[in-house]
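**Q** Have a look at this one.
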Amino acid sequence: MAKKVFKEGKWRCTHIDLSGEDACNHVNRGPALKCEKCGKHRPKDVVFYVPKNAPIIKDAHKIADATSGANWHCFHCNYHNKASSDICVHCDTPRDKEYEEWIGLGGDLKTKSYSGGQAPTGSQKKAAAKEYVPVKQRFKKIALMAGISLVAILAIVFIYRQFFATENLKVEVTGYSWERQVEIEKSRTVREEAWNIPSGGKKIKSERRKSGTKQVYDHSEWDEEPIYEDVQVGTQQVECGTVDKGNGYFETQYCEEPIYESQQVGTERVEREVYRDEPVYDTWYTYEIDRWELDRSPIISGKDHHPKWPDYNLNNREREGQRTEKYVVNLKVIGGDSDHSALFYETNEGEWNSIMMGEQFTAKVRKSGTVVSLGPPE
């Protein structure tokens, strides 16, 4: 059987003083028509909320007040009045329901229904009231965000200027350098072990080894297992809905809900299969195979404009591997105010060959000293 109870709600005063600095923010009893702190009238757009663990009202007068109906707004002064009053307690103007409906002003504070557990509580500030943030607090928050943004911008600018930004410098070619290297690989016969012999491998020996286990059915065992079912053992009352009465009170409805308990209602005979771990064996091979390995790396370098590859001889079971090369142009900064006096421009062989001694360029240079490119002199 459903049960209805009443609880007293709350509302928050959002009146702001003339300085604009602070809001009252006082939490008032739901039925209060004026703020209990600053004395200002309850706002027209008031939002009631029910505190968590609010006690159930048992006083007959409060219950009568809760069931009397929603408060109404005076169309003349917008003051809240109780449903039992036909004259505004603020300006003495008689209530005129037809006029209120015609001009769309005032009228009853609408009742609102919520499903179980969904009524606004004190912790739900957005539902309870729009909190006013003082001007000073807002300025502090804005200043903090501005400070964080400024630091982030400065960090980005620093990283950009340090690693990406370039400046144009007039430079002259003062020399060259180059370096060339060749990797020589040698085929060696090595001994390896694995479950399989790769292509080109020569078996030395093999043996049976345990490679793992597998589960094999062994036998079955029979046992009696209990059978359980959910059986109703009683009922309990749970909140199934709340109504904001529009006058500072909330009506909460409780419904009967069955309580179930898992109970044994019998047994059944079941088969349990028992498995055992059984080893799995495979062939493990030892074999020899030829592998190419780095043996040596002849290197040659120079400071002229005539690069060449290092001389070397390939012996039996040797081959040429990867070739690497590096070409650098030496530069000096001409005139101007720069942190760099000497610079080095690493490029490809084609561009390196086309650059002549004493030639002048406009170099794009990062702060770190890395030359990005060379262009015609300005």
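**Q** For the residue pair Lys326 and Gln236, what label-to-label distance in nm results when each label sits 7 Å from Cα along the Cα-to-beta-carbon direction?
**A** Calculated label separation equals 7.6 nm.
**Q** Further question: Give me the number: length gained by fully extending Glu207 to Thr93, i.e. 0.36 nm times residue separation minus the C-alpha to C-alpha distance, one decimal in nm.
**A** Working: separation 114, 0.36 × 114 = 41.04 nm, distance 10.86 nm.
Length gained, Glu207 through Thr93: 30.2 nm.
**Q** Among the aspartates and glutamates, select those whose C-alpha is under 18 Å from the C-alpha of Lys308, and discard any that sit fewer than 8 residues away in the same chain.
**A** Glu179, Glu183, Glu320, Glu325, Glu346, Glu349, Glu351
**Q** Going through the cross-link list Lys3/Lys52; Lys141/Lys367; Lys40/Lys62, which pairs have a Cα-Cα distance over 26 Å in this structure? Mind showing how you got there, number by number?
**A** Details: Lys3/Lys52 19 Å; Lys141/Lys367 36 Å; Lys40/Lys62 23 Å.
Distance filter (> 26 Å) returns Lys141/Lys367.
**Q** Moving to a separate point now. For the chain, take the longest principal axis of its alpha carbons; what is the angle in degrees between that and the long axis of helix 135-163, to the nearest 10 within 0 to 90?
**A** 10
**Q** Just the number, please: carbon plus sulfur as a percent of the accessible area of region 27-72, 1.4 Å probe, no ligands or DNA/RNA counted. Can you show the working numbers first?
**A** On the way: 1390 of 2590 Å².
Carbon and sulfur together cover 54 percent of it.
**Q** Follow-up question, since we're still on this one. Apply the a/c threshold of 1.5 to the C-alpha gyration tensor of region 5-100 and tell me whether it is rounded, prolate or oblate. Please list the in-between numbers first.
**A** On the way: a/c = 2.36, a/b = 1.03, b/c = 2.30.
The shape class here is oblate.
**Q** Quick check: from the Cα gyration tensor, does the chain come out rounded (a/c under 1.5), prolate or oblate?
**A** It is oblate, given that a/c is not under 1.5 and a/b is not larger than b/c.
**Q** Tell me, what % of the accessible area of region 244-378 is carbon and sulfur with a 1.4 angstrom probe?
**A** Values: 3710 of 8570 Å².
Its accessible area is 43 percent carbon and sulfur atoms.
**Q** Still on this structure, I have one more. Set the Förster radius R0 to 25 Å, insert the Cβ-Cβ distance between Ser354 and Gln181 as r into 1/(1 + (r/R0)^6), and round the FRET efficiency to 0.05. The partial results should precede the final answer.
**A** On the way: r = 23 Å, r/R0 = 0.93.
The value I calculate is 0.60.
**Q** Now for a different question. Tell me what the chain gives for mean residue ellipticity at 222 nm when only DSSP H runs of n ≥ 4 count, each as -39,500 (n - 2.57), the sum divided by the residue total, rounded to 500 deg cm²/dmol. It would help to have the intermediate numbers written out before the result.
**A** On the way: 5 runs with 54 residues, N = 378.
Value at 222 nm, helices only, nearest 500: -4500 deg cm²/dmol.
**Q** Still on this structure, I have one more. With every protein chain left in place, what is the accessible area per residue of the chain in square angstrom, probe 1.4 Å?
**A** Values: 24760 Å² over 378 residues.
Result: 65 Å² per residue.
**Q** Follow-up. So for region 222-378, averaging the separation of alpha carbon pairs under 8 Å that are six or more residues apart and normalising by length, what relative contact order in percent results?
**A** Details: 171 pairs, mean separation 22.2, N = 157.
Relative contact order comes out at 14 percent.
**Q** Would you mind checking which residues have amide H under 5 Å from Asn247's amide H? H placed 1.01 Å from N; only 5 or more apart, or other chain.
**A** Result for Asn247 returns Asn71.
**Q** Could you please put Tyr275, Tyr249 in sequence from largest to smallest accessible area, using a 1.4 Å probe? It would help to have the intermediate numbers written out before the result.
**A** Values: Tyr275 105, Tyr249 5 Å².
Most to least solvent-accessible, the answer reads Tyr275, Tyr249.
**Q** Averaging sequence separations of C-alpha pairs under 8 Å and six or more residues apart, then dividing by the length of region 310-378, give the relative contact order as a whole percent. Before the final figure, lay out each step's value.
**A** Details: 70 pairs, mean separation 15.9, N = 69.
The value is 23 percent.
**Q** If you don't mind, another one. From a point 7 Å beyond the Cα of Ile156 in the direction of its Cβ, which residues of region 342-378 have a backbone N at a distance under 18 Å?
**A** Under cut-off, by backbone N: nothing.
**Q** May I ask you to compute the full-extension gain from Trp292 to Lys364, defined as 0.36 nm times their residue separation minus their alpha-carbon distance, rounded to one decimal in nm? Provide the component values of the computation, followed by the final result.
**A** Working: separation 72, 0.36 × 72 = 25.92 nm, distance 4.35 nm.
Difference between extended and current length: 21.6 nm.
**Q** I would also like to ask the following. Assuming a ≥ b ≥ c are the square roots of the Cα gyration tensor eigenvalues, decide whether region 136-294 counts as rounded (a/c under 1.5), prolate (otherwise, with a/b larger than b/c) or oblate. Each step should come with its number before you reach the end.
**A** Values: a/c = 9.09, a/b = 1.15, b/c = 7.90.
Oblate, because a/c is 1.5 or more while a/b does not exceed b/c.
**Q** Considering only Cα-Cα distances, which of the following residue pairs are longer than 29 Å: Lys82/Lys112; Lys58/Lys97; Lys186/Lys326?
**A** Details: Lys82/Lys112 17 Å; Lys58/Lys97 32 Å; Lys186/Lys326 25 Å.
With Cα atoms farther than 29 Å apart: Lys58/Lys97.
**Q** Based on Cβ point charges of +1 for Lys and Arg and -1 for Asp and Glu, what charge dipole magnitude is obtained for region 172-326 about its Cα centre, in debye rounded to the nearest 20? If you can, show how the numbers build up before the last one.
**A** Values: 23 positive and 35 negative charges, 482 e Å.
For this selection, approximately 2320 debye.
**Q** Right, something else. So if I place +1 on the C-beta of Lys and Arg and -1 on the C-beta of Asp and Glu, and nothing else carries charge, what would the dipole magnitude of region 339-378 be about its Cα centre? I want it in debye, nearest 20. Numbers along the way, then the final one.
**A** Values: 3 positive and 6 negative charges, 42 e Å.
That gives a dipole near 200 debye.
**Q** Only Cα pairs under 8 Å and at least 6 apart count here; give the relative contact order of the chain as a rounded whole percent.
**A** Details: 775 pairs, mean separation 84.6, N = 378.
Here the relative contact order equals 22 percent.
**Q** What nm value, rounded to one decimal, do you get for the distance between Lys112 and Lys4 when each label is placed 7 Å out toward the C-beta?
**A** 2.0
**Q** What does the charge count around Asn348 come to, taking other residues whose C-beta lies under 15 Å from its C-beta (Lys +1, Arg +1, Asp -1, Glu -1)?
**A** Numbers: positive: Arg180, Arg323, Lys326; negative: Glu179, Glu325, Glu346, Glu349, Glu351.
Net local charge, Asn348 excluded: -2.
**Q** Additional query: Mind putting a number on the dipole of the chain about its Cα centre? Charges go on the C-beta only, +1 for Lys and Arg and -1 for Asp and Glu, and I need it in Debye to the nearest 20. Please list the in-between numbers first.
**A** On the way: 55 positive and 59 negative charges, 325 e Å.
With Lys and Arg at +1 and Asp and Glu at -1, about 1560 debye.
The values are calculated or read from the model by the stated rules, or taken from the named source; none is laboratory data. Keep in mind it's a predicted model, so treat the numbers as computed, not measured. FYI the Cβ positions are ideal-geometry reconstructions off the backbone, even for glycines, and counts take in every protein chain you see. Side chains are part of the model used for accessible areas, which takes the heavy atoms of the whole protein and leaves out ligands, DNA and RNA. Shrake-Rupley method; radii C 1.70, N 1.55, O 1.52, S 1.80 Å.
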